[in-house]
Amino acid sequence: MAGAVSALFLLDIKGRVLIWRDYRGDVSAVQAERFFTKLIEKEVDPESHDPVVHDNGVSYLFIQHNNVYLMTASRQNCNAASLLFFLHRIVDVFKHYFEELEEESLRDNFVVVYELLDEMMDFGYPQYTEAKILSEFIKTDAYRMEVTQRPPMAVTNAVSWRSEGIRYKKNEVFLDVVESVNILVNSNGQIIRSDVVGALKMRTYLSGMPECKLGLNDRVLLEAQGRATKGKAIDLEDIKFHQCVRLARFENDRTISFVPPDGAFDLMTYRLSTQVKPLIWVEAQIERHSKSRIEILVKARSQFKERSTATNVEIEVPVLSDATNPEVRTSLGSAAYAPESDALIWKIRSFPGGKEYMLRAEFRLPSITAEEATPERKAPIRVKFEIPYFTVSGIQVRYLKIIEKSGYQALPWVRYITMAGEYELRLI
Amino acid sequence: MAPPPQSQRSSSPSQPSGKGEVADVKSQLRNLAGSRAPGVDDSKRELFKKVISYMTIGIDVSSVFGEMVMCSATSDIVLKKMCYLYVGNYAKVNPDLALLTINFLQRDCKDADPMIRGLALRSLCSLRVANLVEYLVGPLGAGLKDNNSYVRMIAVMGVLKLYHISASTCVDADFPAMLKHLLLNDRDTQVVANCLSALQEIWSLEGSTSEEVSREREILLSKPVIYYLLNRIREFSEWAQCLVLELVGKYVPADSSEIFDVMNLLEDRLQHANGAVVLATTKVFLQLTLSMTDVHQQVYERIKAPLLTLVSSGSPEQSYAVLSHLHLLVTRAPFIFSSDYKHFYCQYNEPSYVKKLKLEMLTAVANESNTYEIVTELCEYAANVDIPIARESIRAVGKIALQQYDVNAIVDRLLQFLEMEKDYVTAEALVLVKDLLRKYPQWSHDCIAVVGNISSKNVQEPKAKAALIWMLGEYSQEMQDAPYILESLIENWEDEHSAEVRLHLLTAVMKCFFKRPPETQKSLGAALAAGLADFHQDVHDRALFYYRLLQYDMSTAEQVVNPPKQAVSVFADTQSSEIKDRIFDEFNSLSVVYQQPSYMFTYKEHRGPFEFSDEIGNLSIGTESADTVAQAHRVEANDKDLLLSTSEKEETRGLNNNSSAYSAPSYDVSSVPVPTSQMSELAISNPSVPGNAPQSGFAIDDLLGLGLPAAPAPAPSPPPLKLNPKAVLDPTTFQQKWRQLPISLSQEYSITPEGVAALTTPQALLRHMQGQAIHCIASGGQSPNFKFFFFAQKAEESSTFLVECIVNTSSAKAQIKIKADDQSATQPFSSVFQSALSKFGMP
């Protein structure tokens, strides 16, 4: 049996119940609160605790968002993974309603929160969790709600993620192809892991029930069509689509066709595990001149084509926690010591391809060190960047067709961007 | 819209509230109740909001119940919602007040607005007041037939709520049948999904009591229903898809082509954006192909990529949940991820619960081809600032070393750890080196050289210290300083707080004594004296045992302490494969996260109406889920099995013989190579043969007396239990009793092979048990699963025992649940029952 949830709690950062919804009447709020408070008290760092805990016959699953914990309690052997996904979905819904989910926004809107909790789950089973659909019959501003309430029409629709009767003056679609590069380099400078996670993020402002068709330079599709692969075709691994995409159609002829939801959503995600060359390579040398003086030399090199430019580059170099009096010089950008994260952060607004820049920093160290010194930090160098108009995988949108029965012309806007994901070089 | 007359209201049972605010709100509400002035709804909203906010922060506002109900006569939906919320919160504690609300809720259930109909129905069913159920039946019946799907969807859940308040009312109104109709015919998928949740719950709770219901339940798993749901699966919401997939996982297709059809149909679900759907699909694939080895392997290949993506994208909680499942999969098929090990490398800022699981994955996927890379990576973590993770990493290296045949490189690494001179690293590494030496004695030379350099003063953790001492004893020949290090440790005996360390110290000094007598003699004497004076029972006993052993015969003592040792080839797995299989059956649930089958963490006493939820879908899973016994009980049961097997006959004869219930195992002490850690058991069993123990110079007579209670004392034997061979019980009484009585014992027994062979039909066992004065009232099932309900009565009084017995002939196990009028007699009855069962099939 896919077990049902007994109750759902929204707790503050100290584990006190802000709002809770009792679905099945077999757990007590007092007990849950006491348990959870104890749990987060004893942990030095509450984030390091497993998100699933068992206490006295009750399983608690929780996630944290800003200064709020969301937690389910259940006495049955419920589907753990699905509930954790569900909790994240609740966060999305609250964010849709209140802009940001935090203690304040919950306190200000508790009536709506109760309403939402009632509609998202009934007797412990998940129901509607689409923010768009929910917002049709639960309005945030209760006072200005003059329009008569409708029950969720989408229920009777074949298309549960889009309601009928949407109107825009200007019909537009924005499609962002975002790829994030995950890379892990070990202390010998070898790449031990690299992959690319891509997402096609869409924002649609379209009237009516538009039918969309997306063409990519997908090798399988191009070959199936017998087209000589002009230019580059790519192999995508493990593609996942938003529920609006007709998966059967994609399985048959690799066409991506869909009726989009209104507003922002992730149309598709994919992963590539081909080895990629690190787009920005960072090397660091540490010289200890004396017991109390240390010098760090950092070299950053961009390893992509000259016509591209990386923006908002941020290189985080770990330094000893007791370092003081930094003196930093850079050949480009600015660098600052961030003692709160024991790191030197080097920011470069614009980093052209095929270039190398340097940073030199000098720190003072206390000349006396404790006997029982804490073990040395071994944090990696971390890099953040964005490269617009460029994708690592070479994915390209060949076309995006929008057909609606009223026959309007819609404008598709496509953008490409590559970003650093988990980009770690363990070079120090 | 007309509010009820004011006079009646004023006598409402509202107590004067101590809080001024509440009283204030109360009077304001009362003023508004009858008013129809414009803008009155706005003021009501303000007040309602205030009430709800008091309620939320825990102020008791039940005193305004009457006023809230009065004000609920409105067409404003937000007001209604707040009112419903309020009523739902206080109805349970004030059933009298709840009656007040029935009227307006029933009226709202007939409102023209489907929103209001739905919300009212939901609130009505959520009151949870048992004596109001009669008012639910009408609105629920209408709700199920409502032309708006929102209302139907709520009504379906309402049926389930009603069932939990009063099962009989729900069944009598024939609601399950109506749900079944909706399940197969409703246009709206959320209605269908809710029907599915509700029916599964109702039927599984109802199932054990009625044959008819269990047939109904099988219909859920029949081909037409499954296909109907599968064909519509794309229309379902993502959560409902999970529900359907969970059901499909239990479906048993007729042949392999059907299996492929289902998998082809569901293939695209692996591309769903919601990870829950992907995991649910994974489960279907794995379950369907269990019997097809080749395809099962291909399934692993197919699900790999989607699952790995889920791990590396999304929230850490998501990674955690998916990694738990991957870990289960990898223990079943280690090769599948052996080339993807890099996915399990830790990122610097991942939370440690994810890192821990990743380390487990790395340990599990390590094989000849990737060990080097994995161990290199783990060594990087060992130097990590995060100490718990560093420790885990070192342990992981050790585990890999114990799995592998080529440990050359790993041993070097471990030895490097010892030289890192960080206390926690040294501690962990010492424990590992000890285990490693037990498996690969050939490495002793290299290891001992390094271990010898470690100062025992730098090792404080008991486990590490014990490991070091073990090595000192075991390799005292090779380690120059061994006797002297031991000597200094013994000198500080008083400061050693851990009994484990002191036990090891005793053993080590004994070993050392036989290898280097002249250097150790003095320390041995000191250690034995200190041990005998020790307040810890085990330490004391072990010292005494060694002392007598030495007095008895030196060469025998040497054989006991320093027998030729065999290298340990495989360290025992902590979990039986049966438990692992059960966890696998419960894939995609908490069981996987806890690494325990569900019966170990769901307790029955809280279940209330779930008490009879024995089966879900099929016998083997269902019975477990209702099992109350926690792991400890289970072990206890096994122990009992061992004990009983020797004394069974006496027990059935009359259960009188006290001493025979536990006869000390009489093994030959000198010939058994016992690992040191089990020495304490030997020490205990020794005093039970006092004739052999030579008298020592000490005043040990009282010590002997003390030694005995340490042995597991046999339970005082219960009075003999005689059963009435001509007991009678009619089925209705049985059912009634079964419902009323709590389970007093729940156990699993093994069945003899002869018994399994004889159990071709249920009747065979029935006749046999009848011969033992245990009667059957109902039975059923087909090989390999049989289910029986037995009863028995005491000979002299009319105290009855009820038994549910589920036999699985393929695993040769019987699961027994006993309920008894006289709880205290359960234990003897259980023994009688078990012995009767064990004789089944014997000529």
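The values are calculated or read from the model by the stated rules, or taken from the named source; none is laboratory data. Note that the structure is predicted; figures quoted are calculated from it, not measured. For neighbour counting, all protein chains shown are included, and Cβ atoms are generated from backbone atoms with ideal geometry for every residue, glycine included.
Select from the range B:249-289 the residues that are within 25 Å of the chain's Cα centre (by Cα) and more than 19 Å from B:L590 (Cα to Cα) and write down the one among them that is surrounded by the fewest Cβ atoms within 10 Å (Cβ to Cβ). Result: B:Y251. Evaluate the following for B:D541: is it part of a loop (DSSP other than H, G, I, E, B) and more than 26 Å from B:E419 (Cβ to Cβ)? No: the conditions fail for B:D541. In the range A:43-62 there is no residue matching the filter, namely being more than 8 Å from chain B (Cβ to nearest Cβ), over 25 Å from B:L328 (Cβ atoms) and of a type in the set (S, T, Y). Kindly indicate whether B:S798 is over 17 Å from B:Q827 (Cβ atoms) and modelled with pLDDT under 75. The answer is yes for B:S798.
Would you be able to say whether some residue in the range B:732-751 is within 28 Å of B:E206 (Cα to Cα), modelled with pLDDT of 75 or more, of a type in the set (G, A, S) and in a strand (DSSP E or B)? Yes, because at least one residue in the range B:732-751 is within 28 Å of B:E206 (Cα to Cα), modelled with pLDDT of 75 or more, of a type in the set (G, A, S) and in a strand (DSSP E or B).
Apart from one condition, B:P95 fits all of (1) at pLDDT 80 or above; (2) out of contact with any Gly (no Cβ under 9 Å at 6 or more places or on another chain); (3) surrounded by fewer than 22 Cβ atoms within 10 Å (Cβ to Cβ); the exception is (1). Being facing chain A (nearest Cβ under 9 Å) and without any contact (Cβ under 8 Å) to a residue 12 or more places away in the chain: is that true of B:R269 here? Against the criterion (facing chain A (nearest Cβ under 9 Å) and without any contact (Cβ under 8 Å) to a residue 12 or more places away in the chain), B:R269 does not qualify. What do you reckon, is A:G165 assigned to a loop (DSSP other than H, G, I, E, B), modelled with pLDDT of 75 or more, under 27 Å from B:D76 (Cβ atoms) and more than 9 Å from every other protein chain (Cβ to nearest Cβ)? Considered against the rule, which asks whether it is assigned to a loop (DSSP other than H, G, I, E, B), modelled with pLDDT of 75 or more, under 27 Å from B:D76 (Cβ atoms) and more than 9 Å from every other protein chain (Cβ to nearest Cβ), A:G165 comes out as yes.
Candidates in the range B:323-381 are the residues that are in a loop (DSSP other than H, G, I, E, B) and aliphatic (A, V, I, L, M); of these, the one that is farthest from the other protein chains (Cβ to nearest Cβ) is B:A333.
Screening A:Q76 against (1) within 10 Å of chain B (Cβ to nearest Cβ); (2) free of Cβ contacts under 8 Å to residues at least 40 places away in the same chain leaves a single unmet condition, (2). In this entry, B:L414 is excluded by the filter for residues that are at pLDDT 85 or above, within 30 Å of B:Y484 (Cα to Cα) and not assigned by TED's automatic domain parsing to the domain that holds B:E500. Taken over the range B:506-536, the criterion of being assigned to a helix (DSSP H, G or I) and more than 19 Å from B:E478 (Cβ to Cβ) is satisfied by B:L506, B:Q521, B:K522, B:L524, B:G525, B:A526, B:A527, B:L528, B:A529, B:A530, B:G531, B:L532. Any chance the range B:230-246 includes a residue that's within 13 Å of another protein chain (Cβ to nearest Cβ), under 16 Å from B:S291 (Cβ atoms) and free of Cβ contacts under 8 Å to residues at least 60 places away in the same chain? Checking the range B:230-246: not a single residue is within 13 Å of another protein chain (Cβ to nearest Cβ), under 16 Å from B:S291 (Cβ atoms) and free of Cβ contacts under 8 Å to residues at least 60 places away in the same chain.
One residue stands out in the range B:61-88 among those that are within 13 Å of chain A (Cβ to nearest Cβ) and more than 46 Å from the chain's Cα centre (by Cα): the one that is surrounded by the most Cβ atoms within 10 Å (Cβ to Cβ), namely B:D76. Those helices (runs of 4 or more DSSP H) of the range B:395-468 in which 1 or more residues are within 14 Å of chain A (Cβ to nearest Cβ) occupy B:408-419, B:423-439. The combined condition, being buried (at least 21 other Cβ atoms within 10 Å of the Cβ), closer than 23 Å to A:C244 by Cα and not small (G, A, S), is not fulfilled by B:H325. Scanning the range A:1-24 for residues that are more than 8 Å from chain B (Cβ to nearest Cβ) and of a type outside the set (A, V, I, L, M, F, W, C) turns up A:S6, A:D12, A:K14, A:G15, A:R16, A:R21, A:D22, A:Y23. B:Q404 meets each of the listed conditions (1) within 32 Å of the chain's Cα centre (by Cα); (2) more than 20 Å from A:R271 (Cβ to Cβ); (3) at pLDDT 85 or above apart from (3). Applying the condition of being facing another protein chain (nearest Cβ under 8 Å) and charged (D, E, K, R) to the range A:247-281 and asking which residue is surrounded by the fewest Cβ atoms within 10 Å (Cβ to Cβ) yields A:E251.
Testing A:N252 on (1) touching a Leu at 6+ places or on another chain (Cβ under 9 Å); (2) closer than 30 Å to A:E404 by Cα, one condition comes back false. Which one is that? Exception for A:N252: condition (1).
Of all the listed residues (B:G118, B:G141), the sole one being at the interface with another protein chain (Cβ under 10 Å from one of its Cβ atoms) and under 30 Å from A:E130 (Cα atoms) is B:G118. Please determine, by comparing only the residues of the range A:162-174 that are surrounded by fewer than 19 Cβ atoms within 10 Å (Cβ to Cβ) and among the hydrophobic types (A, V, I, L, M, F, W, C), which one is farthest from A:K132 (Cα to Cα). Per the criteria, the residue is A:F174. Of the numbered criteria (1) touching a Cys at 6+ places or on another chain (Cβ under 8 Å); (2) more than 30 Å from B:F786 (Cβ to Cβ), the one B:P176 fails is (2). Residues that are more than 11 Å from every other protein chain (Cβ to nearest Cβ), in contact with a helix residue (DSSP H, G or I) (Cβ under 8 Å, 6 or more places away or on another chain) and surrounded by fewer than 21 Cβ atoms within 10 Å (Cβ to Cβ) within the range A:98-119 comprise A:F98, A:E99, A:S105, listed in sequence order.
Each row is one residue, and each column tells you yes or no for (1) among the polar types (S, T, N, Q); (2) more than 20 Å from B:D386 (Cα to Cα); (3) surrounded by 15 or more Cβ atoms within 10 Å (Cβ to Cβ); (4) in contact (Cβ under 8 Å) with a residue 24 or more places away in the chain.
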| residue | (1), (2), (3), (4) |
| --- | --- |
| A:V328 | no, yes, yes, yes |
| A:A338 | no, yes, no, no |
| A:A379 | no, no, yes, yes |
| A:F385 | no, yes, yes, yes |
| A:Y389 | no, yes, no, yes |
| A:R398 | no, yes, no, yes |
| A:K405 | no, yes, no, yes |
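Just name the residue that is nearest to the other protein chains (Cβ to nearest Cβ) out of those in the range B:279-319 that are more than 24 Å from A:I239 (Cβ to Cβ) and not in a loop (DSSP other than H, G, I, E, B).
Among them, the one singled out is B:Q287.
Results for (1) in contact with an Asp or Glu (Cβ under 8 Å, 6 or more places away or on another chain); (2) buried (at least 22 other Cβ atoms within 10 Å of the Cβ), shown as yes or no for each residue.
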{"position": "A:Y23", "(1), (2)": "yes, yes"}
{"position": "A:S28", "(1), (2)": "no, no"}
{"position": "A:Q31", "(1), (2)": "no, no"}
{"position": "A:I40", "(1), (2)": "no, no"}
{"position": "A:N56", "(1), (2)": "no, no"}
{"position": "A:S59", "(1), (2)": "no, yes"}
{"position": "A:T72", "(1), (2)": "no, yes"}
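Quick check on B:E421: is it crowded, with 18+ Cβ neighbours inside 10 Å, of a type in the set (D, E, K, R), without any contact (Cβ under 8 Å) to a residue 40 or more places away in the chain and in the same structural domain as B:L328 (by TED's automatic domain parsing)? Criteria not met by B:E421.
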